[in-house]
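Trainee: One structure follows; several queries about it will come next.
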Amino acid sequence: MKGLIQRVRHARVEVNGESVGAIDKGLLLLLGVEAHDNRESADKLLHKVLHYRVFGDDQGRMNLNLQQASGGLLVVSQFTLVADTSRGLRPSFSRGAKPQQAEALYDYFVEQARRQFSPVECGVFAADMQVSLQNDGPVTFLLEV
């Protein structure tokens, strides 16, 4: 399971011109599910996302996690994140989970995130989404478990 986190001043996801999720200061998480992933993978990645220290403390050092910074979490499914780009000029999606497995793990991830943290917003699985954000820093990390 891969998660691309971006520290944002605000982020929003729309489907068909309507907002389906938005946060102010916090993390935008683009979530990719691979074929070998399971609930344990989701739990490990969620722990990492919620506790990763990417927000500045009083000295400006990245010492605060999402909760300590009073931020929000916006989770957006993104199957292209798990593409194999090592060969050629066209991505291969053979590493990605089948849609049914990926959606179940995405839903599980969001459910667990909402049990452990608030606020959590999300996109719509497999929808054509438009994501807008103001990256703060810019600060972006690829988290893998």
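Trainee: Could you say which residue among LEU45, LEU50 is closer than 18 Å to GLY123 by Cβ and either in a loop (DSSP other than H, G, I, E, B) or at pLDDT 95 or above (or both)?
Mentor: Residue meeting the stated conditions: LEU45.
Trainee: Mind checking which residues of the stretch 94-110 are more than 15 Å from MET1 (Cβ to Cβ) and either under 13 Å from the mean Cα position of the chain (by Cα) or surrounded by 12 or more Cβ atoms within 10 Å (Cβ to Cβ) (or both)?
Mentor: Across the stretch 94-110, the qualifying residue is only PRO99.
Trainee: So, one more: Looking at (1) in contact (Cβ under 8 Å) with a residue 60 or more places away in the chain; (2) outside any strand (DSSP E or B); (3) in contact with a strand residue (DSSP E or B) (Cβ under 9 Å, 6 or more places away or on another chain), which is the one condition that is false for GLU121?
Mentor: Here GLU121 clears every test but (2).
Trainee: Within the stretch 18-42, can you find the residues that are under 20 Å from GLY96 (Cβ atoms) and not in a loop (DSSP other than H, G, I, E, B)?
Mentor: So the first thing to find is which residues in the stretch 18-42 are under 20 Å from GLY96 (Cβ atoms), and the list is 29-42.
Hits for the stretch 18-42 are LEU29, LEU30, LEU31, GLY32, GLU34, ARG39, GLU40, SER41, ALA42.
Trainee: Right, here's the next one. Which ones in the stretch 69-80 are in a strand (DSSP E or B) and surrounded by fewer than 20 Cβ atoms within 10 Å (Cβ to Cβ)?
Mentor: Those that are in a strand (DSSP E or B) and surrounded by fewer than 20 Cβ atoms within 10 Å (Cβ to Cβ): none in the stretch 69-80.
Trainee: If you check LEU66 against the conditions, is it of a type in the set (A, V, I, L, M), open to solvent by 10 Å² or more (accessible area, probe 1.4 Å), touching a Phe, Trp or Tyr at 6+ places or on another chain (Cβ under 8 Å) and in contact (Cβ under 8 Å) with a residue 40 or more places away in the chain?
Mentor: The answer is no for LEU66.
Trainee: Between a first residue in the stretch 83-108 that is free of Cβ contacts under 8 Å to residues at least 24 places away in the same chain and closer than 21 Å to LEU29 by Cβ and a second residue that is open to solvent by 80 Å² or more (accessible area, probe 1.4 Å) and of a type in the set (Val, Ile, Thr), which pairs have beta carbons less than 8 Å apart while being 6 or more apart in sequence or on different chains?
Mentor: Hits for this filter: PRO91/THR85.
Trainee: I've got another one for you. Within the stretch 50-63, track down each residue that is open to solvent by less than 70 Å² (accessible area, probe 1.4 Å) and closer than 30 Å to ASP128 by Cβ. Spell out how you get there, then give the answer.
Mentor: Within the stretch 50-63, the first condition is being open to solvent by less than 70 Å² (accessible area, probe 1.4 Å), and the residues that meet it are 50, 54-57, 60, 63.
Matches in the stretch 50-63: LEU50, VAL54.
Trainee: Given (1) open to solvent by less than 90 Å² (accessible area, probe 1.4 Å); (2) assigned to a strand (DSSP E or B); (3) of a type outside the set (Phe, Trp, Tyr); (4) more than 19 Å from GLY21 (Cβ to Cβ), where does GLY88 come up short, assuming only one miss?
Mentor: That leaves (2) as the condition not met.
The values are calculated or read from the model by the stated rules, or taken from the named source; none is laboratory data. In this text, all values refer to a predicted model and were calculated from it rather than measured experimentally. Note that each Cβ is placed from the backbone with ideal geometry, even for glycine, and that neighbours are counted across all protein chains shown. Just the protein is used for accessible areas: all its heavy atoms, side chains included, with ligands, DNA and RNA removed. Shrake-Rupley method; radii C 1.70, N 1.55, O 1.52, S 1.80 Å.
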